[in-house]
There are 2 protein chains.
Amino acid sequence: MDTSPPVLIQAMRCEPVGRTPVWFMRQAGRSLPEYRALRGGGSILEAVADPELAAELTLQPVRRYGVDAAILFSDIVVPLVAIGVGIEVQPGRGPVLDQRFSSDDDVGRLRPLEPESDLPAMLDTIRIVLHETDVPLIGFAGAPFTLASYLVEGGPSRTFALTKRLMHAEPEAWHRLLGAIAQISLASLRAQILAGASAVQLFDSWVGALSRAEYEEFALPASRTILEGLADLAAPRIHFGVGTGELLAPMAAAGADVLGVDWRVPLDVAAARAAGSAPGKLALQGNLDPAICLAPTDVVLEATDSVLGAARQLPGHVFNLGHGVLPETDPGVLKAIVEHVHERTEQQ
Amino acid sequence: MDTSPPVLIQAMRCEPVGRTPVWFMRQAGRSLPEYRALRGGGSILEAVADPELAAELTLQPVRRYGVDAAILFSDIVVPLVAIGVGIEVQPGRGPVLDQRFSSDDDVGRLRPLEPESDLPAMLDTIRIVLHETDVPLIGFAGAPFTLASYLVEGGPSRTFALTKRLMHAEPEAWHRLLGAIAQISLASLRAQILAGASAVQLFDSWVGALSRAEYEEFALPASRTILEGLADLAAPRIHFGVGTGELLAPMAAAGADVLGVDWRVPLDVAAARAAGSAPGKLALQGNLDPAICLAPTDVVLEATDSVLGAARQLPGHVFNLGHGVLPETDPGVLKAIVEHVHERTEQQ
């Protein structure tokens with residue numbers, strides 16, 4: 001009986017691997033016909049509340065693509081909704097609040113999360129998935145900056161004007177808000193790992209809007225609280241954001257085992273920028289442009305080879321896209337990428 | 001009589017300056033009450049078609065802020081509209097096409113621009129502005145990638161999925177499209193300079209969505225056509241995009257005199273990345289975060305000092321924001337920035 005850990009975990013720990021593991025952010029999603037058939041037009045929050053359905057949506061891409069990880073079907077706002085924040089996730093738009101956070105008093109709307117009673121469907125989903133597959137499951141949560149930006153803006157933003165105004169004009173209120181969110185995300189991630197998730201990803205999707213100085217002062221401390229708060233558990237921690245080319249060193253310093261990189265920075269350049277910042281060894285995850293996946297397959301596989309080439313000297317590499325799968329993507333292309341990465345990196 | 005060129009032009013040419021010049025992208029805009037009073041709720045394309053009105057909107061921020069440049073009140077889609085492409089500029093959304101470019105045949109919808117007959121209002125606006133002020137006027141045009149993205153997507157995009165699909169799947173059609181746009185933008189810029197603009201800015205606002213390899217293959221050649229096509233004229237050329245931290249070297253290589261940098265990359269880091277790529281001396285423009293301008297004035301001026309500090313060793317620096325003024329900005333803050341930059345950089 002083979003007792004070695006799955007290749008995903010080996011790569012994340014910078015251990016020797018038999019081949020490079022692959023998964024795709026948003027691999028469970030509208031690009032899959034079986035997903036659209038099962039989900040229909042309902043709200044994602046309703047789907048997430050149904051453990052049998054959420055588990056099936058989690059498993060669909062594992063079967064279809066042969067990826068090396070399942071990623072929990074959920075949403076970063078689920079823990080906030082669970083503690084009573086009024087948020088609707090609008091298709092094509094994203095999370096929208098019934099009442100945005102506009103003053104220090106609003107921090108009081110965030111009570112501590114008690115995962116077993118607040119997130120029973122999420123934890124049941126994890127248990128069902130574990131029963132159905134041996135492929136490791138990745139759990140996730142939103143990072144404090146990104147979640148705070150939704151709360152403060154009241155929805156998605158291009159400029160993050162209200163968010164930046166709050167952080168600069170009322171830094172104490174800002175830090176209180178981020179501290180409260182950090183405890184919620186930390187509690188959710190710990191519960192996911194204890195329920196069986198093999199690894200977790202902290203999504204700071206929009207933090208690339210900050211300068212490095214802003215990141216270090218206003219985002220890093222709360223993210224570090226989460227990542228360090230998971231250090232006693234065995235599950236590797238991935239830390240990811242989009243447009244974070246200037247933030248790779250401080251993001252590595254926040255304490256993750258794996259740094260996710262978008263498609264703008266080649267992985268060898270990313271490794272050089274992060275070098276020396278991480279407390280331990282650092283694996284990288286990424287970073288094929290999701291938009292390239294709409295091109296003809298030969299172009300996609302050539303771009304895949306570029307990513308593998310840039311990753312050749314890394315101590316650990318998890319192949320992924322540089323952001324989530326686009327809905328227009330042909331599932332056949334994603335399957336071809338998985339097979340290609342496996343073939344190209346297979347050790348003799 | 002002082003016959004030396006304006007400080008804006010001196011800085012752009014990397015010549016010694018009496019003080020650092022300042023202007024703001026989108027300084028004519030909704031942040032000014034006198035702008036809102038004059039513009040009302042009409043379409044920007046209507047306002048641009050009225051030279052007296054467009055000239056007045058161009059001049060308002062010069063009077064209010066004491067900036068070192070006027071920037072022509074116009075829109076990057078104006079030359080496309082002038083040759084018959086059906087585009088509406090929707091407030092709060094941006095340019096939307098009546099019919100997006102979806103096949104190679106659509107390139108035929110772009111006929112050559114004849115500025116004197118196609119852009120009479122724009123050229124009249126320039127003549128009126130020159131009559132009213134001695135402050136140098138900056139003209140502008142859209143870069144081929146950014147304009148092509150609107151044509152191909154049919155409007156603003158977050159992912160540029162259709163644009164990237166076209167460039168990768170049909171590279172010949174892509175290059176034909178960009179070549180046609182390059183000739184239009186080049187003709188517009190040459191006409192603006194001949195009408196009296198002292199400098200021009202090529203806006204490649206969304207090119208930061210590309211990887212460096214994509215930029216070099218699919219965007220740089222057409223931008224170079226424009227920038228080199230202006231080399232025989234005396235007006236300095238600014239080249240700007242958002243989120244272009246990984247593209248600074250190839251953007252510098254495209255032939256501009258001044259490289260605009262957004263707020264994510266400190267100017268000294270930007271200079272190091274671009275070093276050696278520009279054909280001649282390279283000045284930098286930027287790069288205060290427009291969202292910081294919503295913070296209390298002391299925070300804004302501290303951030304302004306950071307920008308000036310990072311710019312200290314540059315051969316030439318034009319102070320600006322890292323992107324356009326946000327509509328929520330207090331005009332008093334912008335005025336304070338101008339005065340602060342002038343005071344701090346005044347040569348004894």
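The values are calculated or read from the model by the stated rules, or taken from the named source; none is laboratory data. Computed from a predicted model, the values in this text were never measured in an experiment. Heads up, the Cβs are rebuilt from the backbone with ideal geometry, glycines too, and the neighbour counts pull from every protein chain shown. Areas reflect the complete protein model, heavy atoms only, side chains present, ligands, DNA and RNA absent. Shrake-Rupley method; radii C 1.70, N 1.55, O 1.52, S 1.80 Å.
On inspection, residue B:303 passes the criterion of being modelled with pLDDT of 95 or more, open to solvent by 10 Å² or more (accessible area, probe 1.4 Å) and within 9 Å of another protein chain (Cβ to nearest Cβ). If you check B:195, B:231 for being open to solvent by 10 Å² or more (accessible area, probe 1.4 Å) and touching a Leu at 6+ places or on another chain (Cβ under 7 Å), only one passes: B:195.
Residues are listed down the side, and each one gets a yes or a no for (1) surrounded by 15 or more Cβ atoms within 10 Å (Cβ to Cβ); (2) in contact (Cβ under 8 Å) with a residue 12 or more places away in the chain:
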{"site": "A:271", "(1), (2)": "yes, yes"}
{"site": "A:285", "(1), (2)": "yes, yes"}
{"site": "A:298", "(1), (2)": "no, no"}
{"site": "A:320", "(1), (2)": "yes, yes"}
{"site": "A:323", "(1), (2)": "yes, yes"}
{"site": "A:331", "(1), (2)": "yes, yes"}
{"site": "A:339", "(1), (2)": "no, yes"}
{"site": "A:346", "(1), (2)": "no, yes"}
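Residues in segment B:203-230 that are among the aromatic types (Phe, Trp, Tyr) and over 15 Å from residue B:147 (Cβ atoms): B:215 only. Applying the set (1) more than 26 Å from residue B:176 (Cβ to Cβ); (2) open to solvent by less than 10 Å² (accessible area, probe 1.4 Å); (3) in contact with a helix residue (DSSP H, G or I) (Cβ under 7 Å, 6 or more places away or on another chain); (4) not basic (Lys, Arg) to residue B:85 leaves exactly one unmet item: (1).
Residue B:26 fulfils the conditions (1) at negative phi; (2) open to solvent by 30 Å² or more (accessible area, probe 1.4 Å) except for a single criterion, (1). For segment A:152-172, the set of residues classified as more than 11 Å from chain B (Cβ to nearest Cβ) and open to solvent by 10 Å² or more (accessible area, probe 1.4 Å) consists of A:153, A:154, A:172, listed by residue number. For the residues B:30, B:26, B:36, B:19, the requirement of being modelled with pLDDT under 95 and assigned to a loop (DSSP other than H, G, I, E, B) singles out B:30. Of all residues in segment A:327-345, at least one satisfies being under 18 Å from the mean Cα position of the chain (by Cα), closer than 18 Å to residue A:32 by Cβ and part of a loop (DSSP other than H, G, I, E, B).
Suppose the filter is open to solvent by 10 Å² or more (accessible area, probe 1.4 Å), within 14 Å of another protein chain (Cβ to nearest Cβ) and in contact with a Gly (Cβ under 7 Å, 6 or more places away or on another chain); does residue B:205 pass it?
Details: open to solvent by 10 Å² or more (accessible area, probe 1.4 Å): yes; within 14 Å of another protein chain (Cβ to nearest Cβ): yes; in contact with a Gly (Cβ under 7 Å, 6 or more places away or on another chain): yes.
Considered against the rule, which asks whether it is open to solvent by 10 Å² or more (accessible area, probe 1.4 Å), within 14 Å of another protein chain (Cβ to nearest Cβ) and in contact with a Gly (Cβ under 7 Å, 6 or more places away or on another chain), residue B:205 comes out as yes.
Determine whether residue A:153 is within 24 Å of residue A:248 (Cα to Cα), of a type in the set (Asp, Glu) and touching a residue at least 24 places away in the same chain (Cβ under 8 Å). Taking the combined requirement at face value, the residue does not satisfy it. Among the residues in segment A:126-139, are any among the small types (Gly, Ala, Ser) and on the phi < 0 side of the Ramachandran plot? Yes, the conditions are met somewhere in segment A:126-139. Among residues of segment A:29-50 that are over 21 Å from residue A:62 (Cβ atoms), those with a Cβ under 6 angstrom from a residue that is open to solvent by less than 30 Å² (accessible area, probe 1.4 Å), sequence gap 6+ or separate chain, pair up as A:45/A:89; A:49/A:121.
Taken together, the residues in segment A:256-268 that are touching an Asp or Glu at 6+ places or on another chain (Cβ under 8 Å) and open to solvent by 10 Å² or more (accessible area, probe 1.4 Å) amount to 2. Quick one: in segment B:112-151, which of the residues that are closer than 13 Å to residue B:197 by Cβ and either in contact with a Cys (Cβ under 8 Å, 6 or more places away or on another chain) or of a type in the set (Gly, Ala, Ser) (or both) is surrounded by the most Cβ atoms within 10 Å (Cβ to Cβ)? Out of the qualifying residues, it is B:141.
For segment A:142-154, how many residues meet the condition of being touching a strand residue (DSSP E or B) at 6+ places or on another chain (Cβ under 6 Å) and on the phi < 0 side of the Ramachandran plot? Before the answer, list the steps.
In the first step, residues of segment A:142-154 are kept if they are touching a strand residue (DSSP E or B) at 6+ places or on another chain (Cβ under 6 Å); the result is A:142-143, A:150, A:154.
Those still in the list that are on the phi < 0 side of the Ramachandran plot too: A:142-143, A:150.
The number of residues fulfilling the criteria is 3.
Total residues in segment B:29-51 satisfying the condition of being open to solvent by less than 50 Å² (accessible area, probe 1.4 Å) and among the aliphatic types (A, V, I, L, M): the figure is 5. The lone criterion from (1) in contact with a His (Cβ under 8 Å, 6 or more places away or on another chain); (2) at pLDDT below 95; (3) of a type in the set (A, V, I, L, M, F, W, C) left unmet by residue A:251 is number (2).
Among the residues of segment A:52-71, which ones are open to solvent by less than 30 Å² (accessible area, probe 1.4 Å), assigned to a helix (DSSP H, G or I) and not small (Gly, Ala, Ser)?
Passing the criteria: A:57, A:58, A:59, A:60, A:61, A:62, A:65.
The set of residues from segment A:188-211 being more than 20 Å from residue B:289 (Cα to Cα), over 16 Å from the mean Cα position of the chain (by Cα) and in a helix (DSSP H, G or I) comprises A:191, A:194, A:195.
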